[in-house]
Amino acid sequence: MESDPHSLHPCLSCGACCASFRVDFSVVERSDHGGTVPDGLTVDVTDSFCRMRGTDHSPPSCAALTGTVGQRAACAIYEWRPSPCREFAAGSDACERARIRRGMAPYPR
């Protein structure tokens, strides 16, 4: 039996951050450089930085995003996600901007 989506963490019915921002980070976080982010989900930006594939599209949509933004969304590599994603705070100003861009209500308090 599937859980009631209203009992899930608000981020699991959102995903707006994954479909709003470019995600750049050091190549040392990539698996081919000893990190955990799968290198197949990244594109090179410089010799030192890479980007999550899809986040430089218009509109952005991270290649690791699964589900549907605003309904049920998740990160396919949550345990291996890069530092910008680990540092992103639910309910922050950036979170609120992402939700507004996607026509969603403010983060539930």
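The values are calculated or read from the model by the stated rules, or taken from the named source; none is laboratory data. What you see is a predicted model, and the numbers here were worked out from it, not measured in a lab. FYI the Cβ positions are ideal-geometry reconstructions off the backbone, even for glycines, and counts take in every protein chain you see. Each accessible area value is taken on the protein alone, full model and side chains, heavy atoms only, with ligands, DNA and RNA left out. Shrake-Rupley method; radii C 1.70, N 1.55, O 1.52, S 1.80 Å.
Just the accessible area per residue of the chain, please: how many Å² with a 1.4 Å probe?
Per-residue value: 61 Å².
So in the chain, which Cys have no other cysteine's beta-carbon sitting under 4.7 angstrom from theirs?
Taking the Cβ cut-off of 4.7 Å, the unpaired cysteines of the chain are C11, C14, C17, C50, C75, C85, C95.
Beyond 19 Å, what share of the Cα-Cα pairs of the chain is found? Please give it as a whole percent.
Taking all Cα-Cα pairs of the chain, the fraction more than 19 Å apart is 43 percent.
Give me the percent of accessible area attributable to carbon and sulfur for segment 1-107, probe 1.4 angstrom.
Heavy-atom surface of segment 1-107 belonging to carbon and sulfur, 1.4 Å probe: 52 percent.
What nm distance separates the two modelled labels at F49 and A89, each placed 7 Å from Cα along Cα→Cβ?
2.3
How much FRET efficiency would the formula 1/(1 + (r/R0)^6) give for E79 and M104, where r is the Cβ-Cβ distance and R0 is 30 Å, rounded to 0.05?
My answer for the efficiency is 0.70.
Please give the net charge around G70, taking every other residue with its beta carbon less than 14 angstrom from that of G70, where Lys and Arg add +1 and Asp and Glu add -1.
Charge balance in the 14 Å sphere: +4.
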